[in-house]
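Peer 1: For reference, the structure I am asking about is given below.
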Amino acid sequence: MKEQRIKNQIRRLRFEANEMTQAELAEKASVTRQTIIALEAQKYSPSLELAFRIAKVFDVPLEKAFQYN
Amino acid sequence: MQFLNDYSNRELNIWAELVLDIIVSLYFISRVYPLLINDQFNSEALLPIIFTNIIISIIYSIIVFGAIDIFTKKEKKDERDYFYELKSYRISYYLSQGGILCIIFLIAYNAVYQENIGLLTLPKIAMIFFIIAVISSTGKSLTQLFNYRKSI
């Protein structure tokens, strides 16, 4: 399987945000829970817009939530 | 019920679509094949089969898609859904293009070697188009399901 080059810290950020559930994050970022599951499993690279939306939910800069390897 | 929990509303809809494709194609081919063998394949014989197929599809859609919408939470499409949909349309496009090329080849082959495989009549061409449509739709559903499962 092709390895995703964009890594993310979503799971950790959720934990730090009072253990926010995947469903809550999905709702705030306007995506489905399955997309959050795929992102956390590092099996899906989000669009730039979604990456910004997720970073905004956690109130962190983009590079704290997503890294390019 | 565990099955419903393991799959999202969208995945269940794709599964249902896939099963519908299989049911419709199996019914169609099982009814049309004897006509083909007995050389009774014509538009008059084909019409009731197509009509029954449409009725089966409508009844199946009302029951199965209705049940999925009742028992699972409907979710709005997001970018991942559109991305996988595009990927599956690409596969579907290649399959239909391949099928159309096969038809062109068959027509050309028939024009040259008529005595070998006989003339391709309009109902026969229609049936080939139907099979191509089913294959292309099945390919689309399978690609979507594969992508959804792969990313979970």
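What follows draws every value from the coordinates through simple rules; no lab data is involved. Please read these numbers as outputs of a predicted model, since none were measured by experiment. Here Cβ is always computed from backbone atoms with ideal geometry, including for glycine, and neighbour counts include all displayed protein chains.
Peer 1: I'm told B:Ala16 meets every condition in (1) within 20 Å of the chain's Cα centre (by Cα); (2) over 25 Å from A:Val31 (Cα atoms) except one. Can you identify the failing condition by its number?
Peer 2: For B:Ala16, the exception is condition (2).
Peer 1: Which members of the range A:15-69 meet the condition of being of a type in the set (Ser, Thr, Tyr) and more than 10 Å from chain B (Cβ to nearest Cβ)?
Peer 2: Passing the criteria: A:Thr21, A:Tyr68.
Every residue, every condition in (1) within 14 Å of another protein chain (Cβ to nearest Cβ); (2) aliphatic (A, V, I, L, M); (3) surrounded by 12 or more Cβ atoms within 10 Å (Cβ to Cβ); (4) not in a helix (DSSP H, G or I), yes or no:
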residue	(1), (2), (3), (4)
B:Ile54	no, yes, no, no
B:Tyr60	no, no, yes, no
B:Ile63	no, yes, no, no
B:Ala67	no, yes, yes, no
B:Ile70	no, yes, no, no
B:Tyr82	yes, no, no, no
B:Leu86	yes, yes, no, no
B:Tyr89	no, no, yes, no
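Peer 1: For A:Gln67, which of the numbered conditions (1) in contact (Cβ under 8 Å) with a residue 60 or more places away in the chain; (2) under 9 Å from the mean Cα position of the chain (by Cα) fails to hold?
Peer 2: Here A:Gln67 meets the rest and fails (2).
Peer 1: Another one. Might you let me know whether the range B:99-110 holds any residue that is of a type in the set (Phe, Trp, Tyr), loosely packed, with under 12 Cβ neighbours inside 10 Å and either closer than 23 Å to B:Val134 by Cα or more than 14 Å from chain A (Cβ to nearest Cβ) (or both)?
Peer 2: Yes - at least one qualifying residue is present in the range B:99-110.
Peer 1: List every residue pair whose Cβ atoms sit under 7 Å apart, with the two residues 6 or more apart in sequence or on different chains, where the first one lies in the range B:76-98 and is among the aromatic types (Phe, Trp, Tyr) and the second, anywhere, is surrounded by 15 or more Cβ atoms within 10 Å (Cβ to Cβ).
Peer 2: These pairs meet every condition: B:Tyr84/B:Gln144; B:Tyr84/B:Asn147; B:Tyr84/B:Tyr148; B:Tyr89/B:Lys140.
Peer 1: Looking only at the range B:111-152, count every residue that is away from every other protein chain (no Cβ under 14 Å), of a type outside the set (D, E, K, R) and within 21 Å of the chain's Cα centre (by Cα) and tell me the total.
Peer 2: Qualifying residue count, the range B:111-152: 20.
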